[in-house]
Amino acid sequence: MDQVVDVAVDAFIELDRVEKVFDVRKKTGFLRRERRQVRAVDSISFTVARGEMVGYIGPNGAGKSTTIKMLTGILTPSGGRLRVAGIDPSRERTKLAHRIGVVFGQRTTLWWDLPLIDSYKLMHRMYRIPDARYRENLDRCVELLELADLLDVPVRQLSLGQRMRGDIAAALLHDPEVLYLDEPTIGLDVISKAKVRGFLRELNTERGTTVLLTTHDLQDIEQLCSRVMVIDHGRLMYDGPLTGLHEVGESERTLVVDLERELPPIEAAPARVVKVEGPRQWLAFPASESAAPLVARVAAEYPLVDLSVREPDIEAVIAKMYAGEAEKAVS
Amino acid sequence: MSRLGEGVRAYWLIAGMWVRSSMTYRTSFVVTMFGNLLMTGLDFVGILLMFSQVDSLGGWGLPEIAFLYGLSVTSFGIADLVLGSMDVLGARIRDGSFDILLVRPAPVLAQIGADRFAVRRLGRITQGTVVLVWALASVDVDWSAAKVLLVPVMVVSGAAIFCAVFVAGAAFQIFAQDASEVQNAFTYGGTTLLQYPPTVFGKDFVRGVTFMLPLAFVNWVPASYVLDRPYPLDLPQWAAFAPPLVAVACGALGGLAWRAGLGSYRSTGS
């Protein structure tokens, strides 16, 4: 096995023109049904190397979850080739299960009425984790995710943030090589989000676990992922660093300026005023540029009271990007 | 074979978790256990009341009816204990928690079979066994070795057949759900589909109709042999010993249905 020098040795997750087509039956009348095919995932190809941390984003219904479900073996692709750690997920789901960890943000694998520790004991036995390894992993998770006081608490009494941390620990006890997280920070408060992110960063850098997460929260990506993939209408729209996404999406940040009094629109190219409301003005400028020179210039030339910078909304970036693609297709 | 072992192991682990879960509500556990015994007990009381007015039903006396009743209730009770929660599958698919079972390294059928495992279901088995034992002591039969052997064979085969039907019903829930959930996901209204609640298919349809068919052949025929009564439908003599074969065939069909169902699974929207 060793003598085969595989060029794709680093490609831990491989997708080659993977498709997922759903048959949708729509009732159009009494006993009459219209059949239609929906391409939830439309010929997506990418590879993820071992140890990468990738953000997978896109609007609702873009095909994010469908991709994750194919990667975990829950769904069978309609076409294309898909491998995780060399395994075809839908064919060898059980075998793959030992090597992956999955956290669904809106569902739990934990036993509702039982103390948290009981769910971990079940994982211990179900995954046949060697005792020493189990203890070690549990201790590490308990420490880093601050679960010590929660182990004897029934899961139903945990807060959403506590439960999420509990779920993440449950997904890591068997030392998965890759961790999939579907909306891991959804509904969490700021502190819980910070804890989850800190832990994931540590997991990725210290343990080298490959992480693939879907999210709606741009901050998750900014703080965690060196690489981001954008999917919309089942197609991969972008694959690269987050900064590049802003350039490709031609996204803009907004500088909100409060002046001492009402004034004519500020002139500070390349920024342009998009809205004026009394003494308050909104200036849009390219997201790829630093806000500092603009702020300095405005502060020097105008009587400034207060200001703030607003980050571009990820949905807006993607919408813009998609509109751009459509234009290209037309021309 | 190792897959079967894996399945039994996973079943055992998960059933254990549910038993522990139900123990956290001790009072509720005791009350439902007691209530279950009472309810199933009343079931047979109805038949007793009927026989206080008549001496026979379709030519069958009370001990003979009790024999039929005991056999079917015990068989069903065993299947209900083992796989009785298969109807929560529909709910699991709807709320998306079925996906979680699919990413665990254990056979899904074992996991869903052990879902909501409830000790209170022992009530039905207890009651069925009591009636069966009384019937065996009361029926007027020339016991031969074959007849004695046939009784446990009937119970086990019957349980296996009911299990197969539960599995097939679960598989059907995936298909039925399949149609409804995808529609929900894309139309967001989904009200039209509420005309076909999956529970209608899952419970009443499957339990009501499908259970009758195998039961007629498996319970009535061998019981007729034991009681020296004419067979229904002029079946050949050896048909009395067919239950294990029918059980194996049903099991195979149930297994195939489950595979097909699982293969067609398409999960929910998010």
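The values are calculated or read from the model by the stated rules, or taken from the named source; none is laboratory data. None of the values given here were measured: they were computed from a predicted structure. Neighbour counts run over all protein chains shown; Cβ positions are idealised from the backbone, glycine included.
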Within region A:82-101, of all residues that are outside any helix (DSSP H, G or I) and touching a Lys or Arg at 6+ places or on another chain (Cβ under 9 Å), the one nearest to the other protein chains (Cβ to nearest Cβ) is A:His98
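Can we say B:Ile100 is of a type in the set (A, V, I, L, M, F, W, C) and more than 11 Å from every other protein chain (Cβ to nearest Cβ)?
Details: of a type in the set (A, V, I, L, M, F, W, C): yes; more than 11 Å from every other protein chain (Cβ to nearest Cβ): no.
No: the conditions fail for B:Ile100.
Here's a check for you: in region A:269-318, which residue that is hydrophobic (A, V, I, L, M, F, W, C) and in contact with an Asp or Glu (Cβ under 7 Å, 6 or more places away or on another chain) is nearest to A:Leu259 (Cα to Cα)?
So the first thing to find is which residues in region A:269-318 are hydrophobic (A, V, I, L, M, F, W, C), and the list is A:269, A:271, A:273-274, A:276, A:282-285, A:287, A:291-292, A:294-296, A:298-300, A:304-305, A:307, A:309, A:314, A:316-318.
This time we only want the ones that are in contact with an Asp or Glu (Cβ under 7 Å, 6 or more places away or on another chain), so: A:284-285, A:287, A:305, A:307, A:318.
Details: A:Ala284: 16, A:Phe285: 18, A:Ala287: 23, A:Val305: 5, A:Leu307: 9, A:Ile318: 32 Å.
Going through the qualifying residues, I end up with A:Val305.
Would you say B:Leu83 is touching a residue at least 40 places away in the same chain (Cβ under 8 Å) and closer than 16 Å to B:Gly7 by Cα?
On the way: touching a residue at least 40 places away in the same chain (Cβ under 8 Å): yes; closer than 16 Å to B:Gly7 by Cα: yes.
Judged against the criteria, B:Leu83 is a match.
Give region A:269-282 a look and list any residue that's over 14 Å from A:Leu304 (Cα atoms) and buried (at least 18 other Cβ atoms within 10 Å of the Cβ), or say none.
Quick first cut of region A:269-282, residues over 14 Å from A:Leu304 (Cα atoms) only: A:269-277.
Within region A:269-282, A:Ala271 is the sole residue that qualifies.
For A:Tyr238, indicate whether it is modelled with pLDDT of 90 or more and surrounded by 15 or more Cβ atoms within 10 Å (Cβ to Cβ). Talk me through it step by step, then tell me what you get.
Values: modelled with pLDDT of 90 or more: no; surrounded by 15 or more Cβ atoms within 10 Å (Cβ to Cβ): yes.
In short, no.
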Return the residues of region A:125-140 that are more than 10 Å from chain B (Cβ to nearest Cβ) and either at positive phi or assigned to a helix (DSSP H, G or I) (or both); say none if nothing qualifies.
A:Asp131, A:Ala132, A:Arg133, A:Tyr134, A:Arg135, A:Glu136, A:Asn137, A:Leu138, A:Asp139, A:Arg140
For region B:123-139, pairs from a residue that is over 14 Å from B:Ala159 (Cα atoms) to a residue that is β-branched (Val, Ile, Thr), with Cβ under 6 Å and 6 or more apart or across chains, are B:Gly123/B:Thr40; B:Gln127/B:Thr40; B:Leu132/B:Thr74
Go over the candidates B:Gly90, B:Gly96 one by one and state the one that is in contact with a helix residue (DSSP H, G or I) (Cβ under 7 Å, 6 or more places away or on another chain) and in contact (Cβ under 8 Å) with a residue 12 or more places away in the chain.
B:Gly90
Could you tell me which of the residues B:Arg104, B:Arg121, B:Arg92 is part of a loop (DSSP other than H, G, I, E, B) and surrounded by fewer than 23 Cβ atoms within 10 Å (Cβ to Cβ)?
B:Arg104
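Does A:Ser119 count as surrounded by fewer than 20 Cβ atoms within 10 Å (Cβ to Cβ), closer than 28 Å to A:Lys69 by Cβ, within 14 Å of chain B (Cβ to nearest Cβ) and touching a helix residue (DSSP H, G or I) at 6+ places or on another chain (Cβ under 8 Å)?
Details: surrounded by fewer than 20 Cβ atoms within 10 Å (Cβ to Cβ): no; closer than 28 Å to A:Lys69 by Cβ: yes; within 14 Å of chain B (Cβ to nearest Cβ): yes; touching a helix residue (DSSP H, G or I) at 6+ places or on another chain (Cβ under 8 Å): yes.
So A:Ser119 fails the test.
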Filter result for the condition that a residue is modelled with pLDDT under 95, surrounded by 23 or more Cβ atoms within 10 Å (Cβ to Cβ), under 27 Å from A:Ile221 (Cβ atoms) and within 9 Å of chain B (Cβ to nearest Cβ), over A:Gly73, A:Gly61:
A:Gly73
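To keep it simple, each residue is scored yes or no on (1) more than 28 Å from B:Gln173 (Cα to Cα); (2) not hydroxyl-bearing (Ser, Thr, Tyr).
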site	(1), (2)
B:Thr32	no, no
B:Gly58	yes, yes
B:Ile65	yes, yes
B:Asp80	no, yes
B:Gly90	no, yes
B:Gly96	no, yes
B:Leu109	no, yes
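Looking for whichever is assigned to a strand (DSSP E or B) and hydroxyl-bearing (Ser, Thr, Tyr) here; the options are A:Thr47, A:Thr67, A:Thr108, A:Thr76. Which one fits?
Details: A:Thr67 fails: assigned to a strand (DSSP E or B); A:Thr108 fails: assigned to a strand (DSSP E or B); A:Thr76 fails: assigned to a strand (DSSP E or B).
Matching residue, one of A:Thr47, A:Thr67, A:Thr108, A:Thr76: A:Thr47.
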Flagged in region B:1-26 as at pLDDT below 90, in a helix (DSSP H, G or I) and loosely packed, with under 12 Cβ neighbours inside 10 Å, in numbering order, are B:Ser2, B:Arg3, B:Leu4, B:Arg26
With the structure loaded, tell me whether B:Ala66 is touching a Ser or Thr at 6+ places or on another chain (Cβ under 8 Å), under 26 Å from B:Ala164 (Cα atoms) and surrounded by 13 or more Cβ atoms within 10 Å (Cβ to Cβ) or whether it fails that test.
yes
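Just the residues that are at positive phi and either at pLDDT 85 or above or part of a helix (DSSP H, G or I) (or both), please, taken from region B:221-270. Steps first, please.
Narrowing region B:221-270 to residues at positive phi: B:228, B:233-234, B:267.
Scanning region B:221-270 gives B:Asp228, B:Leu233, B:Asp234.
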Are there any pairs, at least 6 apart or on different chains, whose C-beta atoms fall under 7 Å, with the first in region A:125-141 and of a type in the set (A, V, I, L, M) and the second surrounded by 14 or more Cβ atoms within 10 Å (Cβ to Cβ) and not in a helix (DSSP H, G or I), and if so, which?
A:Met126/B:Arg104; A:Met126/B:Pro105; A:Met126/B:Ala106; A:Ile129/A:Leu173; A:Ile129/A:His174; A:Leu138/A:Leu173
Can you find a residue in region A:114-133 that is within 24 Å of B:Arg94 (Cβ to Cβ), aliphatic (A, V, I, L, M) and within 27 Å of the chain's Cα centre (by Cα)?
no
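Checking the structure you have, find out if any residue of region B:109-119 is on the phi > 0 side of the Ramachandran plot and within 14 Å of chain A (Cβ to nearest Cβ).
Step one: of region B:109-119, the residues on the phi > 0 side of the Ramachandran plot are B:116.
Among the residues that remain, those that are also within 14 Å of chain A (Cβ to nearest Cβ) are: B:116.
Yes, because at least one residue in region B:109-119 is on the phi > 0 side of the Ramachandran plot and within 14 Å of chain A (Cβ to nearest Cβ).
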Per the filter on region A:75-91, residues touching a helix residue (DSSP H, G or I) at 6+ places or on another chain (Cβ under 8 Å) and within 22 Å of A:Arg50 (Cα to Cα) are A:Leu82, A:Val84, A:Ala85, A:Ile87, A:Pro89, A:Ser90
List the number of the failed condition for B:Val131; all other conditions in (1) within 21 Å of A:Trp111 (Cβ to Cβ); (2) at pLDDT 85 or above; (3) crowded, with 20+ Cβ neighbours inside 10 Å hold.
(1)
Are there any pairs, at least 6 apart or on different chains, whose C-beta atoms fall under 8 Å, with the first in region A:153-171 and in contact (Cβ under 8 Å) with a residue 40 or more places away in the chain and buried (at least 18 other Cβ atoms within 10 Å of the Cβ) and the second among the aromatic types (Phe, Trp, Tyr) and in a loop (DSSP other than H, G, I, E, B), and if so, which?
A:Val155/A:Trp111; A:Val155/A:Trp112
Would you check if there is a residue in region B:143-154 being outside any helix (DSSP H, G or I), closer than 30 Å to B:Gly61 by Cα and either under 11 Å from the mean Cα position of the chain (by Cα) or more than 14 Å from every other protein chain (Cβ to nearest Cβ) (or both)?
yes
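Enumerate the strands (runs of 3 or more DSSP E) found wholly within region A:181-271, keeping only those where 1 or more residues are closer than 27 Å to A:Leu283 by Cβ.
Those strands (runs of 3 or more DSSP E) span A:227-232, A:235-240, A:252-259.
Results for (1) more than 14 Å from chain A (Cβ to nearest Cβ); (2) under 19 Å from the mean Cα position of the chain (by Cα), shown as yes or no for each residue.
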site	(1), (2)
B:Arg3	no, no
B:Trp12	no, yes
B:Thr24	no, no
B:Gly35	yes, no
B:Val54	yes, no
B:Leu57	yes, no
B:Ile65	yes, no
B:Leu71	yes, yes
B:Ile78	yes, yes
